[in-house]
Amino acid sequence: MILLLIALFGLLITNGIFLYWLLYECDGIASNTQNKLAIAFILDAFLAMGLLAFYFARNPIGKGKWYWFIVLSILGGLGFSIPFYWWLNKQNAG
């Protein structure tokens, strides 16, 4: 149950802040490509997602395939995808 609460927090709070910014405060893609901090953060998140997906492909934690982790990460960020993927695989293991 705690994994679902953490996943819900990641989806609603952290991803919610991003969606609010995207809908109400974003000045467009051109200004975002000039923000080196944002680019570094995005690259770091994608690198972490790729490394975790590679790990899950080599060492499955359950029946859920590794590519579902990538889908969840893109849809809701790592704060959502890690606990939800973990919970989902533990549910299917039994």
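The values are calculated or read from the model by the stated rules, or taken from the named source; none is laboratory data. Predicted model, so just to flag it, every value in this text is computed and none were measured. Cβ sites come from the backbone with ideal geometry, for glycine too, and all protein chains shown count toward neighbours.
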Among the residues of the stretch 50-80 satisfying the criterion of being crowded, with 16+ Cβ neighbours inside 10 Å and without any contact (Cβ under 8 Å) to a residue 24 or more places away in the chain, which is nearest to the chain's Cα centre (by Cα)?
L72
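Here is a list: L23, L11, L47. Which entry is surrounded by 11 or more Cβ atoms within 10 Å (Cβ to Cβ) and part of a helix (DSSP H, G or I)?
On the way: L23 fails: surrounded by 11 or more Cβ atoms within 10 Å (Cβ to Cβ); L47 fails: surrounded by 11 or more Cβ atoms within 10 Å (Cβ to Cβ).
Exactly one residue qualifies, and that residue is L11.
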One residue is enough: does the stretch 79-86 have a residue meeting the conditions modelled with pLDDT of 95 or more and more than 23 Å from I2 (Cβ to Cβ)?
no
Of the residues that make up the stretch 53-67, is at least one among the hydroxyl-bearing types (S, T, Y), outside any loop (DSSP other than H, G, I, E, B), at pLDDT 95 or above and farther than 20 Å from L12 by Cβ?
yes
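Quick one: is I17 part of a helix (DSSP H, G or I) and loosely packed, with under 15 Cβ neighbours inside 10 Å? Steps first, please.
Values: part of a helix (DSSP H, G or I): yes; loosely packed, with under 15 Cβ neighbours inside 10 Å: yes.
Against the criterion (part of a helix (DSSP H, G or I) and loosely packed, with under 15 Cβ neighbours inside 10 Å), I17 qualifies.
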